Every structure is written in C-alpha cells, then in structure tokens.
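Some notes on the structure that comes next.
The values are calculated or read from the model by the stated rules, or taken from the named source; none is laboratory data. Computed from a predicted structure; not experimentally measured. Positions of Cβ are backbone-derived with ideal geometry, glycine not excepted, and every protein chain shown enters the neighbour counts.
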Amino acid sequence: MTPLETHLHSHSRRSFLGLTGLGLGAIAARSLMAAGTTPASPGDLPHFAPTAKRVIYLFQSGGPSHIDLFDYKPALEGLHGKDMPASVRQGQRLTGMTAGQSSFPVCKSIVPFKQRGKSGHWISDLLPYTAGVADDIAVIRSMHTEAINHDPGITMINTGSQFPGSASAGSWVSYGLGSVNQNLPAYIVLVSQGTGKNPGQPIFSRLWGSGFLPSSHQGVQFRSSKDPVLYLNDPDGITRSDRRGMLDDLSQLNQIRHDKLADPEILARISQYEMAFRMQASAPELADLSNEPDWVFDLYGPESRVPGTYAYNCLLARRMAERGVRFTQLFHRGWDQHEKLPTELTNQCRDTDQASAALIADLKQRGMLDDTLIIWGGEFGRTVYSQGAIGNGRDHHGRCFSLWLAGGGVKGGVSYGQTDDFAYNIVDNPVHIRDLNATILHCLGLDHNRFTFQFQGLSQKLTGVEPAHVVNGVLV
C-alpha cells in the first residue's frame, strides 16, 4: 500500500469520520506527516536458516591500531623512521590533525608479532589472551570506510550511514527477529571507559537508536550502578499490584488516543511500558553476579568483579546471551591513540584482551559459541606514519583496518583480505562496512537486499543503496 493507504487503513471508522469532519486538508496534512513512518511488516523472517541466534558486538570505540595488533608488516622494520612515499598515500585526504605535517615518518609496530595457533594468525604480543583463541577467530584485515573522523565513522559502522538518523544494526535485528525473552529487550547496550585515552571519544545514545524504525526497537542501555536501568524501580510505597493497575489504566488511555490518531508510536509506548514492568523483575536478576563461581571471574580477569569495567560487561554479555537477548553491544572507549601510543595502547589492550578471549572460551564450554556471533572491532584503524615524533601516536585511517569475528557460522582460524607493505591500502579482498553488515544479517538468516523498511520514499536497508556483499570467505 501507499503511505496514504496504509495510514487510512490503520484508522478506525470513527477516527476516519472524525478526520473527514475536519476537511480534506486535514487528511492530506496528516497523511504527509505519516508518510514513511508506518512500519511495513518484515514478513516471514528469517529468510533462510540462520547460523547464529544472537549477536554480541564488542565495539572498540576510537579506532584500534591494526598495525600494532593484527596486520603484521615485516617490511616496516627497514622503513622505520623514513618518510612514507607519496605513491602510497595516493593523494588521499588526511584529518586536520596531521594534514599540516611537513613529513610522514613511518612507524613500525611498537611490539613484536608472533604466529598463533594452528591457523598461524599473526597477532601482536599486546594480545596474549586473544592469541590463545586464534583458531576460533576469523580476522578481516581489509575493512575500509569513507569516514576519517570519529563521529561519522562510528555512526557509519553502527547504522550504515555517516549521517545521524538511521537505524542502528541492533535495532534492525530487533525489528526483523524480535525478542526471544519477553522479559528483556531484544537489544541491550553496555558502555565502559578504558585506561587508554581517558576520557575517550563520547558515546551518543543515537548509536543504538531506532532511527526511522518503531522506537520499541531502540537499544536499552544497562548501567553498572545499583539500578541497571534508570527509572525502572518503583517509588517507595508503590506495590507491584499498584503499578500493574496504573499501567492498565494508562494503556487504555493510550489505546483511545491511538484509535483516534493511528500514531504507531503510541503502540510503541504501550509496548515499552509493558517491557519496563517485566524488566522490574528480570533486570535485577540479570545484573546480580553473586551466583557466578570464582572460576568464571578468574577466566574473565579480576576486573570482572568491578561493575562498569569492560570485563564486567563481557561477563554480563554472556549472561544476556544465556537469557535470550538477541543483540548485545558493548561500547568500550579509549582507543584513540594520537599520542602516548606505547602506554595508552598497552593499557587499552590490558583492559580488553583477557575478557574478550574469555567470552569466546566461556560460550564455547557452554555449547553456545556455535550459535552466537561475536564481533570485535572499531570504526577505523590508524596510520602507519607517526603523528608528531616517531612512535608518539597514530592518526585515524579508514582506508584499511582489522577486526575479527567468531562463532555463529564463522570459520575459525581464517585470515581474510590483505593490505600493502605499509598497511595503508588494500590489495586483496576489500570489505566495506556495508559488507560487514550484510554478513552479520546473513548469519542471522536475513537477506540484506530483502530486509527493508519504507521511509521517505525509499526501501531503506542497513546496507544502504550501494552494492553490498556477504563475506563468504569467513563463513563455514
């Protein structure tokens, strides 16, 4: 149906007659306001048998340095300190932080690399625990994006567009597949601050927003304090039955309003009130780690006992996976090493390495890794040349960067894509962010070309309007 037909169809006879009493101008104005906002049914989903039931996205905000972590370049040993040739840069734009430099001295990796596991992944000494699960991960070394600054970069990788307003990947998955556990949201977000760059780049709630999708699909942020979700607890003196009665009355009022206006956001509001009521019982139990045995805390590391840390959030993510949360996303700040690279990058890896590997091991021993897709990576990489003095820091680099996937249909031990000797340009199997998002949806049984939502005259997709391809080379 057209937006007007959809809008009018959703009205009751009484509300339609009420609108006609206001005149055709009112109908036209309301149909224009509603155009593109009425959700089309996603249809019979998934499109095909999924390899993953859920996603845990370990988002490393700030741009981890692929040169120092996953993209080993032995040729840099002999090039260290020399100016990067203009033929490598190829006139590509730089950020304002280094565009004015008189020279671009090459900086080799700040630590040694070794081949790890049977797969022979080249992984930095900064990541000894990740090295221990090398055969479980697929490393993509040829990721790329057009964005060279944080806000458009992190918006792009999370929503498929550099411009705010689009729906996040987690919201798309919630919209398409819904919730497994009716007492918890389908999409939950956790935020932590690292000891690398502190404070790290700001994290905005729009990164897990639903954009043009119904607002009931936006991510719900859990906090590390006593109350995991703000305003979830009832005030003193309000009993459970009191709250139930209030919500029943409020739902009736909202339903009357919806019958008159047919605004889908009113239904979303009813749904969210009901979810909040159910979460009053489920959220505290989820966030209570007192029943976790000591060996689990030892696996994730000592910081897993400290609320708000990355390790604590990784353990929470496993608990969410057990309880059927469809899409859990951790945002960890502090990877923006423009200076103090050796110190800050070392600290940041210490924050994240053990817990990231522990999540894989924990899910694996529980028999859950095979149907849980894990993603580790940031919005872009870092430059091979130094920002300032040699070894001081690295600038943003979107031309190529690395991330890894595990579980949920991923072929462990695979290395995909290749960059040049400077880890500056891609020479084989490029993977755009659109391709990554297409691959995430594919693992969940969703065809990114068929999974659309009508908005502003377009069939909107997580992968956008340009071609996107599933990265079959990293899948079983």
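Of note:
- Selection of the range 435-476 for residues being part of a loop (DSSP other than H, G, I, E, B) and small (Gly, Ala, Ser) yields Gly445, Gly457, Gly464, Ala468.
- Only one of Ser415, Ser402 that is closer than 30 Å to Pro105 by Cα, surrounded by 19 or more Cβ atoms within 10 Å (Cβ to Cβ) and more than 20 Å from the chain's Cα centre (by Cα): Ser415
- Where a residue in the range 207-219 is under 21 Å from Pro152 (Cβ atoms) and in contact (Cβ under 8 Å) with a residue 12 or more places away in the chain and its partner, wherever it lies, is of a type outside the set (Gly, Ala, Ser) and not in a helix (DSSP H, G or I), with Cβ under 6 Å and at least six apart: Trp208/Val189; Gly209/Gln218; Ser210/Gln218; Phe212/Phe455; Gly219/Tyr187; Gly219/Val189
- Each residue in the range 160-206 was checked for being closer than 20 Å to Phe327 by Cα and either in contact with a Leu (Cβ under 8 Å, 6 or more places away or on another chain) or surrounded by 23 or more Cβ atoms within 10 Å (Cβ to Cβ) (or both), and 22 pass.
- Residues that are over 14 Å from Thr130 (Cβ atoms) and either in a strand (DSSP E or B) or in contact with an Asp or Glu (Cβ under 6 Å, 6 or more places away or on another chain) (or both) within the range 346-383 comprise Thr372, Leu373, Gly381, Arg382, Thr383, listed in sequence order.
- Hits in the range 438-457 - residues which are within 19 Å of the chain's Cα centre (by Cα), hydrophobic (A, V, I, L, M, F, W, C) and under 23 Å from Ala147 (Cβ atoms): Ala438, Ile440, Leu441
- Criterion: in contact with a helix residue (DSSP H, G or I) (Cβ under 8 Å, 6 or more places away or on another chain), in a strand (DSSP E or B), among the hydrophobic types (A, V, I, L, M, F, W, C) and surrounded by 13 or more Cβ atoms within 10 Å (Cβ to Cβ) - qualifying residue of Val111, Val55: Val55
- Where Leu315 falls short, out of the listed (1) over 18 Å from Gln193 (Cβ atoms); (2) of a type in the set (A, V, I, L, M); (3) touching a helix residue (DSSP H, G or I) at 6+ places or on another chain (Cβ under 8 Å): (1)
- Selection status of Lys118, touching a residue at least 12 places away in the same chain (Cβ under 8 Å) and not in a loop (DSSP other than H, G, I, E, B): no
- Neighbours by Cβ (under 8 Å, 6+ apart or cross-chain): first from the range 457-476, modelled with pLDDT of 95 or more; second among the hydroxyl-bearing types (Ser, Thr, Tyr) and crowded, with 23+ Cβ neighbours inside 10 Å: Gln460/Ser166; Leu462/Thr159; Val470/Thr439; Val471/Thr439; Val474/Thr439; Leu475/Thr439
- The lone exception for Val229 - which of (1) among the hydrophobic types (A, V, I, L, M, F, W, C); (2) over 32 Å from the mean Cα position of the chain (by Cα); (3) assigned to a loop (DSSP other than H, G, I, E, B) it fails: (2)
- For Leu289, the criteria (1) modelled with pLDDT under 95; (2) in a helix (DSSP H, G or I); (3) more than 24 Å from Leu207 (Cβ to Cβ) hold in every case but one, which is (2).
- Within the set Thr195, Thr155, the sole residue that is in a loop (DSSP other than H, G, I, E, B) and either out of contact with any strand residue (DSSP E or B) (no Cβ under 8 Å at 6 or more places or on another chain) or on the phi < 0 side of the Ramachandran plot (or both) turns out to be Thr195.
- Considering Asp435, Asp421, the condition of being of a type in the set (D, E, K, R) and over 22 Å from the mean Cα position of the chain (by Cα) is satisfied by Asp421 alone.
- Residue in the range 252-268 that is touching a Ser or Thr at 6+ places or on another chain (Cβ under 7 Å), at pLDDT below 75 and either in a helix (DSSP H, G or I) or under 20 Å from Pro214 (Cα atoms) (or both) present: yes
- Every pair of residues 6+ apart whose Cβ atoms lie under 7 Å, when the first sits in the range 49-71 and is over 15 Å from Leu405 (Cα atoms) and in contact (Cβ under 8 Å) with a residue 24 or more places away in the chain while the second is in a loop (DSSP other than H, G, I, E, B) and of a type in the set (S, T, N, Q): Ser61/Gln201; Gly62/Gln201; Ser65/Gln337; Ile67/Ser109; Asp68/Ser109
- Among the residues making up the range 217-251, those that are surrounded by 13 or more Cβ atoms within 10 Å (Cβ to Cβ), at pLDDT 75 or above and within 28 Å of Leu289 (Cα to Cα) are His217, Gln218, Gly219, Val220, Gln221, Phe222, Arg223.
- Residue in the range 36-48 that is at pLDDT 95 or above, within 30 Å of His396 (Cβ to Cβ) and either within 33 Å of the chain's Cα centre (by Cα) or in a helix (DSSP H, G or I) (or both) present: no
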